[in-house]
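Everything on this sheet refers to the single structure shown next.
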Amino acid sequence: HFAKSKKADELVELKESEVPIFNSLVANFWPGPLTIIVKASSKIPLLVTADTGFVGVRCPKHPLAVALIAASGLPIAAPSANRFGHVSPTTALHVLADLGVKGVHILNGEHKSSDNVVNGSFDNCEFGIESSVVKIDAANEQLIIFRQGAISQIQLEQSLRSIGSTWKVVAVQRAVKMHSAEHSEPGAIGESDPVKDCVPQSEEEKEQEVAAGQQAPGQAITHYAPDVPCFIVNSLSMEVNSAVDASDHTDAIINSLSLSQSELAAGSVVIDFQGRLSALQSHALAYRDLSSRG
């Protein structure tokens with residue numbers, strides 16, 4: 001992490017063909033939520049690169065983070081302030097809840113106070129999700145998205161097109177578990193099978209995934225997995241038939257979930273989009289529609 005983007009030039013090694021790509025990304029998205037994986041210079045300890053020789057560099061936007069880095073007089077190598085595999089925090093209280101209060105001291109960008117928190121006068125995280133992580137792959141003339149985040153693939157493509165680049169932007173795809181292993185058992189009710197609808201990985205894709213796990217954060221199969229059991233409902237198979245009574249349709253949806261009405265009401269939160277599962281609104285513990293209509 002750098003306080004100023006120009007500091008990155010001193011600690012990375014770029015091939016001639018990589019320079020315009022790197023400069024375009026920096027100009028368009030720094031300071032901000034974009035981590036760029038490039039060849040590390042000899043000035044960076046091998047430990048920081050996880051023995052890969054590559055390093056993820058970023059220039060944060062939050063004024064408190066920038067002030068801390070500037071005060072140190074050095075770049076700061078740091079992961080997200082959460083336990084391995086857990087969701088990245090966006091508030092100081094999230095950090096305390098995940099890491100506990102013992103031995104933890106936090107620079108707080110909020111106005112709320114805690115004994116372990118040094119208060120600032122800044123706002124929370126602007127985006128609320130992780131930074132996008134990309135690698136500049138000159139050998140194949142492509143920008144690889146290892147982790148989706150606040151900067152979209154379309155924005156990255158537009159950045160490359162703005163300098164006349166013909167490089168492709170590709171995203172690493174992987175099937176992931178819907179929730180952490182500690183909250184599921186084989187055959188458990190409501191557990192989705194994330195593999196059955198996915199095309200099997202080729203050997204090249206497997207090698208790419210292994211490499212991604214070494215060079216980029218958030219690549220473990222249960223990374224960012226919820227701490228409660230969850231599964232995806234295929235709403236396309238539940239379209240309302242005008243000839244079917246609404247109550248029968250609701251019963252059909254509930255039956256398809258392998259949950260009883262009491263189980264649904266007692267502890268299930270339905271997260272919907274465009275009201276496809278709105279029939280469950282009065283039956284679940286809570287219902288949220290993420291679309292603008294909701």
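Points worth noting:
- Spin-label model distance (nm) - Ala27 vs Glu13, 7 Å beyond Cα toward Cβ: 2.6
- For the peptides 154-166, 32-44, the ranking by mean Cβ contacts within 10 Å, running from highest to lowest, is 32-44, 154-166.
- Residue pairs, from the table Lys43/Lys168; Lys61/Lys102; Lys15/Lys39, whose Cα atoms sit over 20 Å apart: Lys43/Lys168; Lys61/Lys102
- Anisotropy class assigned to the range 1-156 is prolate, per the alpha carbon gyration tensor with a/c at or over the 1.5 cut-off and a/b larger than b/c.
- Difference of contour (0.36 nm per residue) and Cα-Cα distance, Ser5 to Arg288: 97.9 nm
- Gain in span if fully extended, Phe127 to Val228, counting 0.36 nm per residue against the direct Cα distance: 34.0 nm
Bear in mind that the values in this text are calculations on the coordinates, not laboratory data. Treat the numbers as computed from the prediction; the structure is a model and nothing was measured. Here the Cβ is made from the backbone with ideal geometry for all residues, glycine too, and neighbour counts use every protein chain on show.
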